[in-house]
1. Only one of these is closer than 30 Å to ASP401 by Cβ, among the acidic types (Asp, Glu), touching a helix residue (DSSP H, G or I) at 6+ places or on another chain (Cβ under 7 Å) and modelled with pLDDT under 95: GLU754, GLU710, GLU718. Name it.
2. Which of (1) in contact with a Phe, Trp or Tyr (Cβ under 7 Å, 6 or more places away or on another chain); (2) small (Gly, Ala, Ser); (3) under 22 Å from GLY495 (Cα atoms) is the odd one out, the single condition ALA583 does not satisfy?
3. Can you name every residue in segment 691-721 that is among the aliphatic types (A, V, I, L, M) and not in a helix (DSSP H, G or I)?
4. Collect the residues in segment 528-554 that are exposed (fewer than 14 other Cβ atoms within 10 Å of the Cβ) and acidic (Asp, Glu), keeping them in residue-number order.
5. Looking at ASP203 and the list (1) outside any loop (DSSP other than H, G, I, E, B); (2) over 28 Å from the mean Cα position of the chain (by Cα), which single condition is not satisfied?
6. Would you check if there is a residue in segment 657-672 being farther than 18 Å from GLY720 by Cβ and not hydrophobic (A, V, I, L, M, F, W, C)?
7. Quick check on my filter: what residues within segment 672-723 are among the charged types (D, E, K, R), closer than 21 Å to GLY750 by Cβ and without any contact (Cβ under 8 Å) to a residue 12 or more places away in the chain?
8. Which condition from (1) modelled with pLDDT under 90; (2) surrounded by fewer than 20 Cβ atoms within 10 Å (Cβ to Cβ) is the one that ARG215 breaks?
Amino acid sequence: MSVIATGSATHTIKNDVTTNSPSPWPDFDVGAIAFLLDARDDSEVGLLRDWVDAQRPESDSVPPHSFITLPKGRDANLLGTLPAEGDTVWMQPLRIAWLPSARTPFGKVRRRWLAKHRPERVAYIVGDGAWLDELRERLAGSEAAVSDDELSEFVTSQALIALERSERSVRGARYKVPRILPSDVFANADFRNHLANVAQQRDRSVLDVNEQAARYLREMAATQTPFTIEMMNALYRSACHSHHDAKINIDPAQLERVAETIGSRPVVFLISHKSMLDTMALSLVLFDANLPLPLTFGGINLNKPGLGTFARRAGIIFLRRSFQDNQIYKATFRRYIDYLIEKRFSLLWALEGTRSRTGKLLAPRFGLFNYVLESILRTRLYDVTFIPVSVAYDQITEVEDYSIEQRGQRKKPEGITWPLRFLRRGRPRGQIHLRFGEDLTIRELAEPAELEAGIDAKQKQILVATMAFEVAIRMNAATPITATAIVTMILLSGGNRAQSLAEIQGLARVGAALIRRRHIEIVGRSNFRDADAILRTLTELNKTGIVSYLDEGTERLYAISANQHLNAAYYRNTAIHHFILDAFVEVGLLDAASETGVRREAFFARTNNLRELFKFEFYFPRRADYRAEIEKRARDRFDDWERSSPAALKEIQPLLAHSILRSFVDAYRVVASVLVAAGTDAVDDKSDFLSRCLKTGKHELLQGRVFSAESISKTLYETGWKLASYRGLLAANQADARREFHQEFRRINGRLDEILAITLARADYQ
């Protein structure tokens, strides 16, 4: 509605209660007033009418007025109850907001009691009003006239928009909640035409199809309420703080940048997914910063009686797992996404689709990306901004469950009681660290003019994949390194070998120097010149059973506990993306040093091959940038890298390849061994193949042919299966290619042995 001031002074009402709400009566001349009441029930209608009457100006010439309750559904005519037909009518929207300290009172009696005895907890919301004639002209546009029904729907939607704006000024921006009117969604002509075409194709009435679409909309649409926002964030706070420090670690400058972005354009948050607490942590950060909370996507399986209503009011958009063949559902979902983006509501989903079982970022899921990209193209809102969100933990509650799954055991169902695990106080798990990556808009990847001209299905597919991978790269870049990641990386690098505190500190110190030189953030116990900082991290890992120690010799020794290698690897893997290219450089230099030809080109050939071998495991720079980045890493660590020899590596600290690549190389070599054992037969039973890999891996671990138990991982074998499939090695008659595949990983393992030997030969870590 038009922005016309309605007054803002403090007023005294008849029962001598003071309210800071502006007066609902305009302070200028009007022919008549229609008070538009957005009320839950007749108790709120009564309170609003009493308040308006109490605020009546001290004048004998009060204009004629009426009270009109805004309808909850469609096609309700407001105009028949206007106070003076034909006169100039001022439309004044009103609502009651029950402030957070009071929570939302459920009962009519409770609401009446609060209004009388706790008036400070009741806010009377006065939205910006407008003239009815002005609203009619705005709706009509170039058309000659509009129907009463159309005008009624328009007045209702404008009133609600005005009330939402005013309520946010009272409650704060965090309480921006969608009030979904079917009329707003169905007002789109393209959507209505599409439904009409579906009706014609299926020989159904348009009314029947529209009603089905409306049912789908009610099923999926989030309906946040201030009360539920308060309640859910209280539960989120309890869950996050049950195992972690009370304060979530954030970068204030990043949060300020996000706040500016949210204030100027539609936002999509894409979050890493390591724990059930990820989205809770983000919600708390935004809530405490008084920023609007995003709507997030959830499976329809959560839409149970009671739970579904609560989740929907908490901002969950319920989405069916499969609806490609349901044209009405798909069209409704598309229109709903358009509506949310047009209204600048923030959206949120996990980039990976599921929680990472290994600690590193998984491949992105493209489903929701497709729908949002299509919405951007339809609405032409090219400033929709994707914000990567990385959540890191010193330790997490679910790590043991992930290890169980990786060992090939059946996943334990979470059930509806899983939140109780997070509400129970458990062992200390350190801090939660949340970081926002660099923003991304579609304008960075494609020119608006090109998009306006239209792109085909293939181009759209490429654009979606490019956007998703670019978000992932920026998410990885924003991910800080925890002290837990550094310590577990050091302990795992020695296999089953125990290490002293001095050894661990020495390696941590030189590793931290490299990290800081790369301008990568270290969080937590990051002062590795102080032995106490390392000791605190080791102590915390000991409390959760991941690290054990031996006191029987001259000094205490630390090692990864039995059956805890996968747990430790999880934390190490949260940081290895920062060092994967360093590992490639070390292996590539050793390989190139053995060549008699041009070592420079041999080096690039080897590092390119490593990129192809691990293309399903890690994110890499675009091919055009990869060579330059590899060369930069080589020059940064090796002065004379183009004429390097194996001896040159002995002068460099730290050497990383054996720590970064070993578990992946061992796992892929096991995959290759099982393929070789299959001879010329086709391998098409994935489940059976993975089972054989798990058995073979355990067997080779006992034989000492596998370096550590962390490589006995169903997840790693699945990625190895994907690589083998990509290379055509699962087909029949591939025995020679399978043996070459096996030899490739044996050769890399040999290089890792050389690098490990150099590391172990160093006597002085100080």
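The values are calculated or read from the model by the stated rules, or taken from the named source; none is laboratory data. Keep in mind that what you see is a predicted model, and the values were worked out from it rather than measured. Neighbour counts are summed over all protein chains in view; Cβ atoms, including those assigned to glycine, are modelled from backbone coordinates with ideal geometry.
1. Numbers: GLU754 fails: closer than 30 Å to ASP401 by Cβ; GLU718 fails: modelled with pLDDT under 95.
None of the other options fit; the residue is GLU710.
2. So ALA583 meets the others, but not (1).
3. Passing the criteria: VAL706, ILE712.
4. ASP530, ASP532, ASP551, GLU552
5. That leaves (1) as the condition not met.
6. At the first step, the residues of segment 657-672 found to be farther than 18 Å from GLY720 by Cβ are 657-659.
Remaining after also requiring not hydrophobic (A, V, I, L, M, F, W, C): 658-659.
Yes - at least one qualifying residue is present in segment 657-672.
7. Start the filter on segment 672-723 by keeping residues that are among the charged types (D, E, K, R), which leaves 681, 684-686, 688, 692, 695, 698, 700, 705, 710, 714, 718, 722.
Among the residues that remain, those that are also closer than 21 Å to GLY750 by Cβ are: 700, 705, 710.
Answer for segment 672-723, where residues must be among the charged types (D, E, K, R), closer than 21 Å to GLY750 by Cβ and without any contact (Cβ under 8 Å) to a residue 12 or more places away in the chain: just ARG705.
8. Status for ARG215: all satisfied but (1).
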